[in-house]
């Protein structure tokens, strides 16, 4: 066997370059530690403030959360800039102005029309006026106040005698607007004499009428008369007796008498439709005057202890509407 020398394993070849960090041949080996970079250090958490121990019997105060940090401002000394509103389209503005103007115009027109309708009387508005039927304009009527504890005249239970406890002159129908009062009739200022009343009848009836009135207990007579601008004359007589039975007897007596202004008479066919379910009774007549061309309409009103006589006369024809209007209003005052 041949002897072969085995090189030790730790020997390096001659031409081999030393590795990084290894000392070259002949250089002393450094014992200082090599710089391998800073070692990472563990970050310890910041200690949180601990709430102080509360006194006995007092609840602990919770910690106040930190306020949020304000966003950094570009320029802390700069003035605030107001927000810029977007401009409305010009078409929208024009449309708003047009509609506003239209609303104002129509509102003004509507207000003017409403004012024009509410201010004048309805009868004077074109298209709404009531056709003139010839009626007269009377002032608002009101019944007089009765004495305390006295019933009305037509209360058959509490007032069987039909007595009018109110002053009979206060129950006379007032003259309408435009009328000229006759001063020979006292109205509310006095009583009419029996002799003056009898002149309203034909001479043949005056004597019998006078005797009857004396025997049947006539108390007094209230009267009023006027003349309208068209020449129509109206006369109203109210005769009060001791009780309703005496007044009814006179009504039967006078019903066949003739007025001086109407020697020829008959039942009024135009006023025969006047009917009353309760209250005074009406008896209407029509007459022809002593001279041609004069018409007379008159009616008797029976209301308790009082007999009313309403006479309207006019050259030509007495209108039916004002005649029925007058006798109806006078009956309402008596009833």
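The values are calculated or read from the model by the stated rules, or taken from the named source; none is laboratory data. Note that this is a predicted model, so its numbers are computed, not measured. Every residue, glycine as well, gets a Cβ built from its backbone with ideal geometry; the counts of neighbours run over all protein chains shown.
What the table below lists for this structure:
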| read-out | value |
| --- | --- |
| Among residues of segment 250-261, those that are closer than 11 Å to residue 217 by Cα and surrounded by fewer than 16 Cβ atoms within 10 Å (Cβ to Cβ), counted | 0 |
| Residue in segment 99-117 that is in a loop (DSSP other than H, G, I, E, B) and at pLDDT below 90 present | no |
| Residue count for segment 145-154, restricted to those that are on the phi < 0 side of the Ramachandran plot and surrounded by fewer than 13 Cβ atoms within 10 Å (Cβ to Cβ) | 3 |
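A quick yes/no check of all residues on (1) buried (at least 17 other Cβ atoms within 10 Å of the Cβ); (2) at pLDDT 90 or above; (3) in contact with a helix residue (DSSP H, G or I) (Cβ under 9 Å, 6 or more places away or on another chain); (4) not in a loop (DSSP other than H, G, I, E, B):
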{"residue": "158", "(1), (2), (3), (4)": "no, yes, no, no"}
{"residue": "161", "(1), (2), (3), (4)": "no, no, yes, no"}
{"residue": "164", "(1), (2), (3), (4)": "yes, yes, yes, no"}
{"residue": "177", "(1), (2), (3), (4)": "no, yes, no, no"}
{"residue": "192", "(1), (2), (3), (4)": "yes, yes, no, no"}
{"residue": "196", "(1), (2), (3), (4)": "no, yes, no, yes"}
